[in-house]
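To start, the structure under review is shown below, and the notes come after it.
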């Protein structure tokens, strides 16, 4: 055989052999992070996509039945078997018979100013609820009646029908002293575990109530663009996916 022909055949075989070994690279797909921030019709609470729809004040009022007495004296008298007060010290009896003490510091010059006020007992999940007033802000304290463990939350707690979730909210669109947003907690056997917290910018929710295990109804507040006054409406917050 002609040496040139042999060399040409060899080069051709090598070329095709290499071509068949080449593998196509799998394209890398970029994923878009969960950053929906419209807040008007949808927003993310943690990994959960929440859809906002209108409802009526009558629906909210028919479900919102947790209306604590504004008088601590009345609240303590109602629950006197396990709650008492001596001056600035609030005593809360735990299930094992011991007492948890909360001592108010009402010195207006103190950096630790805090005034504890008993509100009531959340019987379905065995927690005490205490309101704490600070010098320019406030929050709520949940105390487990078994362990005495404390969890600070932003507003009046709303317990889901299946007793698995606790939602809380506070509204502060003007002063900015407290959270303007919504919190969601998982109710565990002896504690509350924060699932997600969403800070809101375009509106706020002052009170929440559960319509079902996956839907909340909120009193929504927005600033009127012309008068800059707060205007309210009622909305549904429904978990529609992730």
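The values are calculated or read from the model by the stated rules, or taken from the named source; none is laboratory data. Quick caveat, the model's predicted, so the values are computed rather than measured. Positions of Cβ are backbone-derived with ideal geometry, glycine not excepted, and every protein chain shown enters the neighbour counts.
Values computed for the structure shown
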| read-out | value |
| --- | --- |
| Unmet criterion (only one of (1) assigned to a loop (DSSP other than H, G, I, E, B); (2) at pLDDT 95 or above; (3) exposed (fewer than 13 other Cβ atoms within 10 Å of the Cβ)) for residue 155 | (3) |
| Some residue of the stretch 99-114 being within 27 Å of residue 200 (Cβ to Cβ), without any contact (Cβ under 8 Å) to a residue 40 or more places away in the chain and outside the structural domain of residue 202 (by TED's automatic domain parsing) | yes |
| Hey, residue 56 surrounded by 11 or more Cβ atoms within 10 Å (Cβ to Cβ) and farther than 28 Å from residue 219 by Cβ or not | no |
| Residue satisfying all of: in the stretch 61-78; part of a loop (DSSP other than H, G, I, E, B) and in contact with a strand residue (DSSP E or B) (Cβ under 6 Å, 6 or more places away or on another chain); nearest to residue 128 (Cα to Cα) among these | 68 |
| Residue match in the stretch 180-196 (condition: part of a loop (DSSP other than H, G, I, E, B), crowded, with 17+ Cβ neighbours inside 10 Å and at pLDDT 95 or above) | yes |
| Counted residues, the stretch 197-237 - those being surrounded by fewer than 16 Cβ atoms within 10 Å (Cβ to Cβ), outside any strand (DSSP E or B) and touching a residue at least 40 places away in the same chain (Cβ under 8 Å) | 3 |
